[in-house]
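Written out below as structure tokens is the structure these notes cover.
The values are calculated or read from the model by the stated rules, or taken from the named source; none is laboratory data. All values derive from a computational prediction rather than experimental measurement. In this analysis, Cβ positions are derived from the backbone assuming ideal geometry, glycine residues included, and neighbour counts consider all displayed protein chains.
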């Protein structure tokens with residue numbers, strides 16, 4: 001028993017001497033990027049890290065590296081890491097964590113990762129097309145095809161205003177097809193696509209020019225058809241009434 005207590009005391013003393021209380025002993029912070037989406041080369045982007053405590057030091061990490069990229073001692077519970085004039089090398093996956101500023105080091109769990117994607121204007125813009133074209137009836141199948149000039153890239157499909165991550169697909173040749181079966185009203189909107197080289201997964205081409213997927217609204221269509229049918233019936237009734245009243249009296 002005495003030996004166990006001695007070992008426990010020695011372990012605590014060594015931990016205090018090293019100043020490390022362990023990783024993950026504090027709740028993980030949150031992280032966000034503004035603006036979101038794809039950032040053009042030369043654009044400004046800010047990474048924000050927020051934690052539930054005050055008087056903490058916040059560390060920023062990139063691409064899973066154990067060595068921090070930068071740190072701040074914010075006055076409140078949020079730190080901002082601005083990236084002015086973004087370049088290709090700023091693309092990557094970022095996380096943050098925090099620890100006590102003084103005393104034994106106790107690190108939080110790392111935040112969930114966020115990505116910064118940088119659009120390189122030197123990469124040719126892809127093209128995009130819809131099949132079938134024109135107004136699409138609900139329940140139909142639609143194919144969105146993205147075409148590029150390279151065969152070794154991954155294509156991404158973007159929908160304007162959609163908060164979900166873009167759909168991605170490896171190409172068949174120099175293009176990729178995104179299928180939307182049983183189209184509904186929720187699928188209508190403006191679509192564009194881009195691609196990323198496999199050697200630089202956080203560098204993107206410029207987005208294609210957008211195409212508009214227009215889904216017919218059967219509710220308004222049916223109302224219009226019913227209105228047209230009522231007009232036709234009214235016209236027929238007027239014709240019959242006029243023929244009836246205009247015939248000679250006493251005619252069978």
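Entry remark, the stretch 90-106: residues being modelled with pLDDT under 90 and either touching a helix residue (DSSP H, G or I) at 6+ places or on another chain (Cβ under 6 Å) or outside any loop (DSSP other than H, G, I, E, B) (or both) number 3 in total. Here residue 218 qualifies as at pLDDT below 75 and closer than 24 Å to residue 143 by Cα. Here residue 124 fits the description: assigned to a loop (DSSP other than H, G, I, E, B) and either under 30 Å from residue 62 (Cβ atoms) or in the same structural domain as residue 31 (by TED's automatic domain parsing) (or both). Can you pull out the residues in the stretch 100-136 that are within 29 Å of residue 197 (Cα to Cα), buried (at least 17 other Cβ atoms within 10 Å of the Cβ) and in contact with a strand residue (DSSP E or B) (Cβ under 8 Å, 6 or more places away or on another chain)? Matches in the stretch 100-136: 110, 111, 114, 116, 117, 118, 119, 120, 123, 126, 128, 130. Of the strands (runs of 3 or more DSSP E) lying entirely inside the stretch 136-197, those carrying at least 3 residues that are free of Cβ contacts under 8 Å to residues at least 60 places away in the same chain are 142-147, 154-159, 167-169, 175-180. In the stretch 121-135, which residues are in contact (Cβ under 8 Å) with a residue 60 or more places away in the chain and farther than 12 Å from residue 213 by Cβ? Once the filter is applied, which keeps residues that are in contact (Cβ under 8 Å) with a residue 60 or more places away in the chain and farther than 12 Å from residue 213 by Cβ, the stretch 121-135 yields 121, 123, 124, 125, 126, 127.
Residues considered: 64, 42, 36. Of these, the only one that is farther than 21 Å from residue 165 by Cβ, assigned to a loop (DSSP other than H, G, I, E, B) and not assigned by TED's automatic domain parsing to the domain that holds residue 177 is 42. Of the listed requirements (1) on the phi < 0 side of the Ramachandran plot; (2) out of contact with any strand residue (DSSP E or B) (no Cβ under 6 Å at 6 or more places or on another chain); (3) not assigned by TED's automatic domain parsing to the domain that holds residue 46, residue 139 misses just one: (1).
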